[in-house]
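I have placed the structure first, in the form of structure tokens, so that the comments after it can refer back to it.
The values are calculated or read from the model by the stated rules, or taken from the named source; none is laboratory data. Because the structure is predicted, anything quoted here is derived from the model rather than measured. No Cβ is skipped: glycine too gets one built from the backbone with ideal geometry, and neighbour counts run over all protein chains shown. Accessible surface is based on the protein model in full, side chains and every heavy atom, while ligands, DNA and RNA are left aside. Shrake-Rupley method; radii C 1.70, N 1.55, O 1.52, S 1.80 Å.
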Amino acid sequence: MTPVRALLSTLLFVGASMSLVPATAMAQQLCAVDLNGNGDAADDGETASCHLTGSGGWMCPIGETRCEADVAGAMHCPLGDQYACAVPANGGAPTCSPNACIDTSANPIVDDPVVDDPGVEADGGVDADGNCLGTIEIFSGRAARCRPAGLKTTFSNCCKDKGKIVKDGMGGSISSIGTKIAVAKGVFTGMKAAYGAFKAGATAGQAASAGANAIVVGIDPTSIAISLAINFMMDFLLSGCDQQDMEVGMLRGSGMCHEVGSYCSSKILGICVQKARGHCCFNTKLGRIIQEQGRPQLKAFSAIGWGTPKQPYCRGFTPEEFQALDFSRMDLSEYYAEVEARAQSEIQIDMKDKIDAYMQTINN
């Protein structure tokens with residue numbers, strides 16, 4: 001058994017003990033309330049599924065209060081008589097709520113389009129003399145988003161860091177951001193394989209095995225921390241996280257993303273029920289650090305900065321801009337600390353792989 005397969009066997013035993021229960025479908029009736037007064041209902045506890053009453057109506061559980069009987073025995077809502085009392089469909093004391101339910105079939109949730117910037121093409125067109133026909137960008141990034149816990153993510157935090165999963169190869173710029181995205185997509189493919197197996201009747205262990213095998217087949221094991229990737233996959237398996245959530249979550253946890261800010265990505269009746277965090281993700285941690293500390297030195301970025309959370313501005317430096325950077329003004333201690341922590345043998349292997357890749361590129 002290979003070391004990778006042996007590791008998978010251990011992880012699958014752990015994965016088999018997990019409770020894989022498919023997420024319930026989103027209720028057709030929900031309520032959304034701005035409890036903290038910040039202008040949206042996307043924070044914890046501000047959105048809930050309504051429950052059915054005995055009369056066939058719906059009751060919002062946010063602010064739900066037990067009704068009280070007057071001297072004549074009539075039930076009244078202590079929040080005000082304008083709120084009707086109703087007995088839950090499953091029985092119990094009558095309750096009332098100051099918050100109304102929304103029928104999502106009549107008032108669907110409106111989602112913003114997902115910002116999906118592929119980034120600069122790694123190998124663009126060249127002329128007959130081999131000169132680049134496109135714009136050269138150094139340490140370019142890709143605009144993408146992940147979503148914190150909210151209604152559309154079944155209240156799972158899709159931005160949660162899970163450790164350094166994607167290896168950045170010491171920060172060299174030969175590998176493109178597309179390579180890192182391919183690694184992240186490979187884990188998403190594994191997650192889909194696991195979920196598909198589970199829906200087809202596989203046990204938890206069998207589902208985990210299907211997902212893990214898909215990861216190993218589709219990804220070079222040296223480019224990813226396999227154990228963390230499988231744990232990441234299992235953690236996200238039954239959440240409401242989509243492919244881009246997972247991509248950003250992995251790259252962010254690996255130190256390759258700069259968060260631009262938060263914005264509303266889903267609304268119902270004009271009420272925000274799901275936020276998202278816009279990022280610029282780079283092919284390496286070093287690329288992210290140099291971008292963060294180099295941009296303030298250049299006038300070209302002074303007006304637009306990192307763009308907006310909904311539309312991050314992730315372009316790389318032009319050769320002229322890169323030459324103008326004063327590296328003596330940059331604090332690269334975050335990167336140095338990581339390099340120093342690595343074994344000398346790992347660094348030598350990394351350098352050999354990069355040299356081999358470079359020689360193969362120029363010889364083709």
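Here are a few things to note about the model shown:
- Asn90, sole failed condition from (1) in a loop (DSSP other than H, G, I, E, B); (2) within 30 Å of Cys264 (Cβ to Cβ); (3) modelled with pLDDT under 95: (2)
- Screening segment 291-310 for residues that are over 16 Å from Phe139 (Cα atoms) and polar (S, T, N, Q) and picking the one that is least open to solvent (accessible area, probe 1.4 Å) gives Thr308.
- Beta carbons closer than 6 Å, at least 6 apart along the sequence or on distinct chains, pair a first residue in segment 91-114 that is under 15 Å from Leu52 (Cβ atoms) with a second that is part of a loop (DSSP other than H, G, I, E, B) and among the β-branched types (Val, Ile, Thr) for Pro94/Val87.
- The residue of segment 263-281 that is modelled with the highest pLDDT, among those that are among the small types (Gly, Ala, Ser) and farther than 13 Å from Val115 by Cα, is Ser266.
- Screening Asp44, Asp40 for residues that are touching a residue at least 40 places away in the same chain (Cβ under 8 Å), open to solvent by 70 Å² or more (accessible area, probe 1.4 Å) and either closer than 18 Å to Leu151 by Cβ or assigned to a strand (DSSP E or B) (or both) leaves exactly one candidate, Asp44.
- Filter result for Asp168 (open to solvent by 70 Å² or more (accessible area, probe 1.4 Å), at pLDDT below 70 and in the same structural domain as Phe236 (by the TED database)): no
- Considering only residues in segment 120-165 that are outside any loop (DSSP other than H, G, I, E, B) and either open to solvent by 20 Å² or more (accessible area, probe 1.4 Å) or at pLDDT below 85 (or both), the one that is nearest to Trp306 (Cα to Cα) turns out to be Ile138.
- Residues of segment 67-90 classified as within 30 Å of Lys152 (Cα to Cα) and loosely packed, with under 14 Cβ neighbours inside 10 Å, total: 1
- Residue count for segment 61-85 under the criterion of being touching a Pro at 6+ places or on another chain (Cβ under 8 Å) and closer than 30 Å to Lys275 by Cα: the result is 2.
- Residue-level check: of (1) among the hydrophobic types (A, V, I, L, M, F, W, C); (2) modelled with pLDDT of 95 or more; (3) open to solvent by less than 30 Å² (accessible area, probe 1.4 Å), Leu30 misses just (2).
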